[in-house]
Amino acid sequence: MDITHRRFKHADLQPLIRKHADTFEVTKLGESVEGRSISSLDWGDGKTKVMLWSQMHGNESTATMSLFDLFNFLEASGDEYDDLRTLLKSRLDLKFIPMINPDGAEQFKRRNAIDIDLNRDAISQISPEAIILKRARDDFEPEFGFNLHDQQIYYNASGTPKQATISVLAPAYNYETDVNAVRTRAMQTIVGMNEVLQQVVPGHVGKYNDAFEPRAFGDNITKWGTSTILIESGGYPNDPDKQYIRQLNFMIILNALEQIASRSYEQYTIEEYFAIPDNDLQLVDLLLNEVQVPVNGNYYPVDLGIRRRDITAGDTYYMSASVDDLGDLQVYYGLEEVDASGLRYVEGKVYDAAFESVASLDEMKVMELLKQGYLAVKVKNGAKGNLHQLPILVLNSTESFSSGWKTGESTNFFLEKDGVRKYAVVNGYLIDLENPKDQEFKQRVY
């Protein structure tokens, strides 16, 4: 089977690994806390050793998909890339370790089954997964390493509203963040990767903070003599399952391998590396500027910054939104922004009559209800936690819903002007009541 979404499990990878066993040397390195296998795939006859590992955090799966794309590429032949494959095979000895944290991946959560962050276990080695990764590095002694992660979608390239779709880092090996020959090689390679990205997603690259973390794998693997490159996959417009970002990962990893094989990274300077914009964390899903909010009979103009978090539900997810910050938010950028000056915050109502089920409703009926001031409907059938894709709140186990405009509160309200409802905000989704646009809603029954 092919993987086309972010939430896949250890069992989904095993047939794919077996598929590549004829071309790659597959080795079982050990097992996770819950007994799932952790394997490496080796390829190439060259002298320069490169190790790539992904999904140390179970819910950071973008690069794992990209590694399997890379396996398919390296196995292929008969196209214009045969010379590149020959170069890589003759110069490099590649070791791939996809999905270091299969127990976390099983529940699509960050930590492992002991609830340990594997990226803070490089030294204490409490977790079997950390022991496996450290042993693999020590036995292989790679010259280059690729530490592959995902980051929040709210990172932006500093000073711009653009998401940091890819963030990069040559991790530090001491508190002073000194630059030695090992770290220099990583920095130079990153400059070449950034050149490629700027052609495809200009402005969407950030540089991750290089503060030294003495427990982290990237920092320590650099300290142990491997030129380590961190790739963090963030967000990109209309790419919730990161299938486009997966392609970007494939491109820059392949580019980096070509640079390493040909030593062409030597043309770049550390000054070019430091010129890459820093990561900042100033993005919100929805920025409402100067909403009039009611307090003790008076109205005050505040900016509302709303973020929607995805919550795993089986093999899929739903969104849960709240106010992240409010007040003067001029330093923030919204993935969606509205000038709400002159618009008042107004509560919504629950429709009195109960519908049979979610299936009894369609988007046209829901839009009518929203225009009449209803933000929620009740259903007779449909258990709490069931998922739906309607632009309205659906209630089964409760008669009411929470709403508010203060930090941490659930974002379910209307924006009105002169008594006319202009916008509905439903679980952080903005719905223009006069000109609704096509958008996907990921919601659950309350």
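The values are calculated or read from the model by the stated rules, or taken from the named source; none is laboratory data. Not measured: the values here are computed from a predicted model. Note that we place each Cβ from the backbone using ideal geometry, even for glycine, and neighbour counts take in every protein chain shown. Areas reflect the complete protein model, heavy atoms only, side chains present, ligands, DNA and RNA absent. Shrake-Rupley method; radii C 1.70, N 1.55, O 1.52, S 1.80 Å.
Data table
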{"item": "Scope region 424-439; condition polar (S, T, N, Q) and surrounded by fewer than 22 Cβ atoms within 10 Å (Cβ to Cβ); matching residues", "result": "ASN435, GLN439"}
{"item": "Complete set of residues in region 309-348 that are more than 22 Å from GLN152 (Cβ to Cβ) and in a strand (DSSP E or B)", "result": "VAL338, ASP339, ARG344, TYR345, VAL346"}
{"item": "Test result for GLU399, over 18 Å from ARG309 (Cα atoms) and without any contact (Cβ under 8 Å) to a residue 60 or more places away in the chain", "result": "yes"}
{"item": "Selection within region 5-29 - in contact (Cβ under 8 Å) with a residue 24 or more places away in the chain and in contact with a Lys or Arg (Cβ under 8 Å, 6 or more places away or on another chain)", "result": "ARG6, HIS10, LEU29"}
{"item": "Strands (runs of 3 or more DSSP E) within region 362-446 that include 1 or more residues modelled with pLDDT of 95 or more and over 28 Å from GLY342 (Cα atoms)", "result": "374-379, 393-395"}
{"item": "Residues of region 4-28 classified as assigned to a loop (DSSP other than H, G, I, E, B), open to solvent by 40 Å² or more (accessible area, probe 1.4 Å) and out of contact with any Pro (no Cβ under 8 Å at 6 or more places or on another chain), total", "result": "5"}
{"item": "Some residue of region 269-283 being on the phi > 0 side of the Ramachandran plot, open to solvent by less than 40 Å² (accessible area, probe 1.4 Å) and touching a strand residue (DSSP E or B) at 6+ places or on another chain (Cβ under 7 Å)", "result": "no"}
{"item": "Checking SER357 against (1) open to solvent by less than 40 Å² (accessible area, probe 1.4 Å); (2) among the small types (Gly, Ala, Ser); (3) within 30 Å of GLY297 (Cα to Cα), the condition it does not meet", "result": "(3)"}
{"item": "Counted residues, region 75-113 - those being part of a helix (DSSP H, G or I) and over 24 Å from the mean Cα position of the chain (by Cα)", "result": "11"}
{"item": "Single condition ASP418 does not satisfy, out of (1) out of contact with any Lys or Arg (no Cβ under 6 Å at 6 or more places or on another chain); (2) on the phi < 0 side of the Ramachandran plot; (3) of a type outside the set (Lys, Arg)", "result": "(2)"}
{"item": "Test for LYS380: is it within 17 Å of GLN292 (Cβ to Cβ) and either open to solvent by 60 Å² or more (accessible area, probe 1.4 Å) or among the β-branched types (Val, Ile, Thr) (or both)", "result": "no"}
{"item": "Hits in region 138-159 (condition: outside any loop (DSSP other than H, G, I, E, B) and either exposed (fewer than 15 other Cβ atoms within 10 Å of the Cβ) or of a type outside the set (A, V, I, L, M) (or both))", "result": "ASP138, ASP139, PHE140, PHE144, GLY145, PHE146, ASN147, HIS149, ASP150, ASN156"}
{"item": "Residue check for ARG421: within 28 Å of the chain's Cα centre (by Cα) and either open to solvent by 10 Å² or more (accessible area, probe 1.4 Å) or basic (Lys, Arg) (or both)", "result": "no"}
{"item": "Among residues of region 47-58, those that are open to solvent by 10 Å² or more (accessible area, probe 1.4 Å) and either under 27 Å from the mean Cα position of the chain (by Cα) or touching a residue at least 60 places away in the same chain (Cβ under 8 Å) (or both), counted", "result": "2"}
{"item": "Residue match in region 328-335 (condition: over 24 Å from SER400 (Cα atoms), surrounded by 14 or more Cβ atoms within 10 Å (Cβ to Cβ) and β-branched (Val, Ile, Thr))", "result": "no"}
{"item": "Total residues in region 82-92, condition surrounded by 15 or more Cβ atoms within 10 Å (Cβ to Cβ) and more than 14 Å from GLN259 (Cα to Cα)", "result": "0"}
{"item": "Qualifying residue in region 290-307 (condition: over 30 Å from GLU409 (Cα atoms), in contact with a strand residue (DSSP E or B) (Cβ under 6 Å, 6 or more places away or on another chain) and modelled with pLDDT of 95 or more)", "result": "no"}
{"item": "Residues (open to solvent by 40 Å² or more (accessible area, probe 1.4 Å) and under 21 Å from the mean Cα position of the chain (by Cα)) located in region 114-137", "result": "ASP115, ARG120"}
{"item": "Single condition ASP241 does not satisfy, out of (1) in contact with a Phe, Trp or Tyr (Cβ under 9 Å, 6 or more places away or on another chain); (2) modelled with pLDDT under 95", "result": "(1)"}
{"item": "Selection within region 383-409 - open to solvent by 40 Å² or more (accessible area, probe 1.4 Å) and either at positive phi or within 25 Å of the chain's Cα centre (by Cα) (or both)", "result": "ASN386, LEU387, GLN389, THR407, GLY408, GLU409"}
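Here's the yes/no breakdown for (1) in contact (Cβ under 8 Å) with a residue 24 or more places away in the chain; (2) more than 28 Å from ASP45 (Cβ to Cβ); (3) hydroxyl-bearing (Ser, Thr, Tyr):
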| position | (1), (2), (3) |
| --- | --- |
| ALA122 | yes, yes, no |
| ARG135 | yes, no, no |
| ASN147 | yes, no, no |
| SER158 | yes, yes, yes |
| PRO161 | yes, yes, no |
| PRO171 | yes, yes, no |
| ARG185 | yes, no, no |
| MET193 | yes, no, no |
